[in-house]
Amino acid sequence: MGGSQDRDLGMHRKITRRDFINGVAVTAGAAMMPWQVLGDDSNASEKAHNFYPPALTGMRGSHPGSFDAAHALRDGAFWDSVGKPEDTGESYDLIVVGGGISGLAAAHYYRKAVGEKARILILDNHDDFGGHAKRNEFRTNNAFRLGFGGTFSIESPAPYSAVAKGLIEELGIDVPSYSKYVDKKLYRSLGMRPKIFFDKETFGAEKLVVNPHPRGGNESEDADAASAELMKQFLAEAPLTDQAKRDLQRLIEEPKNYYPGLTSDEKKAKLARISYAKYLQEVAGVHDDLVKLYQALPHPLFGVGIDAVAAQDAWGFGLPGFDGLKLDPAPGKGMNRDAIPNEEAEEYFFHFPDGNATIARLLVRRLIPDVVPGSSLSDVILSKANYAKLDDSASPVRVRLNSTAVRVKHLGDAANAKEVEVSYARGDKVYTTKAKNAVLACWHVVIPYICEELPELQKAALSSAQKVPLLYTNVAVKNWTAFQKLATNSVYAPSMYHTFVNLDLPVSIGGYECARSPEEPIIVHMMKAACRPGRPAREQHRIGRMELFSADFESMERKIRDQLARMLGPGGFDPARDIAAITVNRWPHGYAYEYNSLFDSFWLEGGETPCEVARKPHGRIAIANSDAGAYAYTDEAINQAWRAVGEITKG
Ligand SMILES: Cc1cc2nc3c(=O)[nH]c(=O)nc-3n(C[C@H](O)[C@H](O)[C@H](O)COP(=O)(O)OP(=O)(O)OC[C@H]3O[C@@H](n4cnc5c(N)ncnc54)[C@H](O)[C@@H]3O)c2cc1C
């Protein structure tokens, strides 16, 4: 893009962001491996008074410096580049690898089982705790705005287990009280509703059109949007070919039995083995424009498009084209749990302004009370975490950030050893520390590299948990008048870099006040799934992950500014003037991989699933994380922590 276009987009403007070159922090004159930029063998950096990661902007999530040690380990380059490990002399009852909700919950359950004096060390490679459940803070025109950098809300396709619900209640979260905090009618009262952005490269014209059946994104108040009136408006305005419009009407208004002579189960078996994209093209015979229109709809759930989502799952989501099949409403074999409607689960929903970072903060408060001052749900929202207290020798529980576990092994054979030794990279050094037990609550694909003594079959199962690569981008804007003028609070953009763009959910809680007037600053949340349509899901995730790891912040920023200018420009939005700050939460290892009837035959045929093999305990080492349930939700992170701790504390 040329210099003048860059100026129009505001690339030259000083906004709140850090400057990185190709994703690596610039250290003048340094000749160090990227993970060594910390260059410090104490935890002095986290103790500094200005160490406050939630307020950092720019590239967050898997931020520069957080993944290089693990990648060097994967590439076989790590051990040659570091000196002899240094013994910290520390000894714990439990070491937890991974400071996400699963790791924090594991520490919590371990204390409940063993007692509050239990000495626990939690290691995490990031500069903040919470794993995917990250808090983003912004100050824009004197307004304080909270955003979620990952895990958005308490929600799950199936009801929370008694264990997970129990922890949520123990933390003081009253899920049914959510309606007290959210202003569900705000956007609708301002005449705003979900829209679709058609781009000229894909659809021949640039246009924002009402969304006749919104799905995905952060919407929950728009159930009535599929009305005939909206469809009429959509068909009149959408830059789709006449054939595509006729096909859409046909799909909805003239239901057809595409599989005559088959029973409902036989039809479902066929639908489980064909993608929704193929079903639309080859079975329903619709125009390609419709496939392009629906392509990115499943991004918020699976991080892939309809080319990699089974038609049976599309039926579960209520997408068009299935009415004529007259399927039995019971879930079919091989359906993804996300696609099985469940009313009880739908009602169990709570969104904090910083997403489930509030859960992580409440857990840390339980484990180390000095870190998150206060005692109630209402005071946790605005409580400023004191990072200097996270890794304090006076506390029985310690959280050590910027520390990547690089080796976990029993001292002796797994069946008889009394201790586990954990080595971790921090700054330019490697340290060792010991514990009676370890819980690996980190991403499963990492485990074969750090715990070599595991059986080969288990390592293969762990490696198959290819996480879903995602971007959760937060853009702090000075006002949202352009959204109001364009009468939308939520845009689905099927062919753009970010496919979902939403104004923040209007939640006020614990002294935190959301933006209510379009003149006030707000956070615009943008979501991207990095995928390569047409390939098997795991392959799409692998390619997308490489794309996200290799992209630099500047190129992402340019795409963000360009997209917002194109979508919102007709409403008066000027990216150079209106953007105050950008935080890209990059998650190349995002959602846990969920089994898919198109690519995972065991999911259709039954038998032991890879996650059951992957999570088997090994001597004094147990394995948690939402990967252990192949289910990308907070309740699973909690369930798996509870199971893992049970395995090492029983008997
Ligand atoms: C963008 C996004 C949005 C989501 N939204 C929702 C939502 O709305 N609701 C919901 O229920 N779920 C959501 N999820 C799913 C989310 O993953 C789970 O809810 C839950 O937060 C996962 O917790 P976890 O502890 O299992 O894993 P994680 O949060 O991934 O934590 C694991 C931690 O281990 C660390 N780690 C990895 N390797 C090492 C190592 N070698 N040494 C030290 N540390 C290591 C990782 O860096 C990470 O910090 C979302 C996920 C993403 C990515």
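The values are calculated or read from the model by the stated rules, or taken from the named source; none is laboratory data. Values in this document were obtained by computation on a predicted structure and should not be read as measured data. Every residue, glycine as well, gets a Cβ built from its backbone with ideal geometry; the counts of neighbours run over all protein chains shown. The area values use the complete protein model at the heavy-atom level, side chains included, leaving out ligands, DNA and RNA. Shrake-Rupley method; radii C 1.70, N 1.55, O 1.52, S 1.80 Å.
Observations
- Rounded if a/c under 1.5, otherwise prolate or oblate - the stretch 326-463, Cα gyration tensor axes: oblate
- Across Lys117/Lys436; Lys232/Lys267; Lys180/Lys478; Lys47/Lys84; Lys195/Lys326; Lys117/Lys650, pairs whose alpha-carbon gap is larger than 20 Å: Lys232/Lys267; Lys180/Lys478; Lys47/Lys84; Lys195/Lys326
- The stretch 128-135 - phi-based ³J(HN,Hα) in whole Hz, Karplus 6.51/-1.76/1.60, Gly and Pro as x: 9, 8, x, x, 5, 7, 10, 9
- Table column - 3J(HN,Hα) (Hz), the stretch 464-479, Karplus curve with 6.51, -1.76, 1.60, x for Gly and Pro: 6, 7, 5, 5, 8, x, 9, 10, 10, 9, 10, 10, 7, 10, 6, 6
- Here Val399 sits with roughly 0 square angstrom of accessible surface, probe radius 1.4 Å.
- Span-rule helices in the chain, defined as complete DSSP H runs reaching 18 Å or more along the axis (Cα) with Kyte mean at least -1.0: 101-114, 537-550, 553-568, 634-649
- With the alpha-carbon atoms of the chain aligned to their principal axes, the span from lowest to highest coordinate is 73, 59, 47 Å, starting with the largest.
- For Ser403, the residues 5 or more places off, or on other chains, whose built amide H falls under 5 Å of its own are Asp124, Asn125, His126.
- Formal net charge of residues neighbouring Val422 (Cβ-Cβ distance under 14 Å; K, R +1; D, E -1): 0
- Karplus-derived 3J(HN,Hα), 6.51/-1.76/1.60, for each residue of the stretch 200-210, Hz, glycine and proline x: 5, 5, 9, 10, x, 8, 9, 7, 9, 10, 4
- Length, then width, then depth: along the principal axes, the Cα atoms of the stretch 393-504 run 68, 41, 25 Å.
- Length available on full extension from His49 to Glu237: 0.36 nm per residue minus the Cα-Cα distance, which gives 62.2 nm.
- By the rule of a C-alpha distance below 17 Å, with chain neighbours fewer than 8 residues away ignored, the aspartates and glutamates paired with Lys207 are Asp199, Glu237, Asp242, Asp289, Asp562.
- In terms of its C-alpha gyration tensor, the stretch 531-577 comes out oblate, because a/c is 1.5 or above while a/b does not outweigh b/c.
- Shown for the chain: the carbon plus sulfur share of the solvent-accessible area, taken with all protein chains present and a 1.4 angstrom probe, equals 50%.
- Amide H contacts for Val210 (H built 1.01 Å from N in the peptide plane; partners 5 or more residues away or on another chain; cut-off under 5 Å): Ile196.
- Beta bridges by DSSP in the chain, antiparallel share as percent, to the nearest 5: 65 percent
- Measuring r between the beta carbons of Thr263 and Ser227 and using R0 = 30 Å, the FRET efficiency lands at 0.35.
- Think of a 1.4 Å ball rolled over the protein heavy atoms: the stretch 530-651 then has 34 Å² of accessible area per residue.
- Extent along principal axes [Cα atoms of the stretch 517-651; Å; largest to smallest]: 64, 36, 28
- When the Cα gyration tensor is reduced to axis lengths a ≥ b ≥ c, the ratio a/c is 1.5 or higher for the stretch 285-331, and with a/b not above b/c it is classed as oblate.
- Pairwise Cα separations in the stretch 94-199 fall into 5 Å bins from 0 onward with the following percentages, short to long: 2, 8, 12, 15, 19, 16, 11, 8, 5, 2, 2, 0.
- In the full protein context, the stretch 55-168 carries 33 Å² of accessible surface per residue, based on a 1.4 Å probe and ignoring ligands, DNA and RNA.
- The H on the amide N of Phe152, modeled in the peptide plane, is under 5 Å from the matching H of Asn356, each at least 5 residues off or on a different chain.
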